[in-house]
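Okay, structure first, notes after.
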Amino acid sequence: RTISTAIGTVTAAALAGMAVQAQAAQEITLGHTLSATSHYAVGAQAFKERLEELSDGAFTVNEHTSGSLGGEREMIEGLQIGTVDLVITSTGPLGNFVPETYVLDLPFLFEDYDQARCVLDGELGDELLGKIGEHDLVGLAWTENGFRHLTNSRREVLSPADAEGLRVRTMENEVHQEAFRQLGARPTPMAFPELFTALQQGTVDGQENPITVIVATNFWEVQDHLSLTGHVYSPAIMLGSPIMFDGLSEEEQEWFREAARASAEATRAEVSRLEEEGVALLEENGMTVQTDIDIAPFQEAVQPAYEIFTSQHGSEMLERIQAEA
Ligand code: EAX
């Protein structure tokens, strides 16, 4: 009797264990560098909602904000070795892994949001997602960071001459660094999580980021001047780890893609909202904002960056974008 009770208990426990296992959701780790109030967080939450809904709870998404999993370059490396499952990142460090994406980082390539979104949602954007797949990464969807503008703690910048000699933190991106060299500034590449402290301590004088990022990071606490240079469109992308993704069924992979597209849509809507409302918010917080910048001299100053780019990477992609734009 004791034995049969014991067996009964064991069987019941085993069955209960199986049931728990069948229900246990697969946890997906998602990282990005921005705060929990940022446009990336809006995108991460939209992704989470859609994936959990499509999969009926078979997956759950854990969002790690503010670079708690590292900077963008580190997180991309994490995808390749499988320590992170999903990352929302700018293209800043991506060219180091997938050189074909550098073309997107050229200054003054896109004129406005519609143009940039249209190219990324079209054939060329799909082709680049495919190229990313050849480098131990999964390109799930293009999303958005925004047009980048220059901030600094020294002076009003209205012309390239005003930017001369400024130590400007750039992303770890050779195309951006070259553009800032051509402007006469002193580019200092640095991972985003180090940036706030570097500005606070005066290691660098300035930085450049979209309104979205300036708002989400309270940069007004360490930067007085903002010039709406819009010198480069900053795409963002949702990347997956092939180690996680290749283990999914085709149906599950399609859920991830669909959730990534929903995420991009939510992020872009938030970028657009902040383009409308962000400048007033930055002014309220004490930044002086130069809205009326003549960009022609800036465009002219960075022109050699185009020649350097095409000598290294060819002009095919560039010409296709210019023809579409
Ligand atoms: O992707 O590094 C940067 O300046 C990026 O714009 C930021 O991490 C958001």
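The values are calculated or read from the model by the stated rules, or taken from the named source; none is laboratory data. Not measured: the values here are computed from a predicted model. So basically every Cβ, Gly included, is an ideal-geometry build from the backbone, and we count neighbours across all protein chains shown.
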Checklist line | The lone exception for Leu281 - which of (1) part of a helix (DSSP H, G or I); (2) over 22 Å from the mean Cα position of the chain (by Cα); (3) crowded, with 16+ Cβ neighbours inside 10 Å it fails | finding: (3)
Check: Does Arg154 qualify as being charged (D, E, K, R), under 30 Å from Gly165 (Cβ atoms), in contact (Cβ under 8 Å) with a residue 40 or more places away in the chain and surrounded by fewer than 23 Cβ atoms within 10 Å (Cβ to Cβ)?
Finding: yes
Next item on the list: Select, from Glu208, Glu178, the only residue that is within 22 Å of the chain's Cα centre (by Cα), more than 16 Å from the ligand (Cβ to nearest atom) and closer than 30 Å to Ile308 by Cα.
Entry: Glu178
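Of everything in region 182-208 that's free of Cβ contacts under 8 Å to residues at least 60 places away in the same chain and part of a helix (DSSP H, G or I), which residue is surrounded by the fewest Cβ atoms within 10 Å (Cβ to Cβ)?
The qualifying residue surrounded by the fewest Cβ atoms within 10 Å (Cβ to Cβ) is Thr197.
How many residues are out of contact with any Leu (no Cβ under 7 Å at 6 or more places or on another chain) and part of a helix (DSSP H, G or I) if we restrict to region 306-316? Please lay out each step first, then the result.
Quick first cut of region 306-316, residues out of contact with any Leu (no Cβ under 7 Å at 6 or more places or on another chain) only: 307-308, 311-316.
From what is left, the residues that are part of a helix (DSSP H, G or I) are 307-308, 311-313, 316.
Adding up the residues that qualify gives 6.
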Next item on the list: Inspect all residues belonging to region 67-83 and state whether any of them is surrounded by fewer than 24 Cβ atoms within 10 Å (Cβ to Cβ), modelled with pLDDT of 95 or more and under 22 Å from Glu265 (Cβ atoms).
Entry: no
Notebook entry, point to check: Here are some conditions: (1) within 15 Å of the ligand (Cβ to nearest atom); (2) of a type outside the set (A, V, I, L, M); (3) on the phi > 0 side of the Ramachandran plot. Phe108 meets all but one. Which one does it not meet?
Noted result: (1)
Next item on the list: Identify all residues within region 119-135 that are among the acidic types (Asp, Glu) and under 18 Å from the mean Cα position of the chain (by Cα); write none if there are none.
Entry: Asp121, Asp126
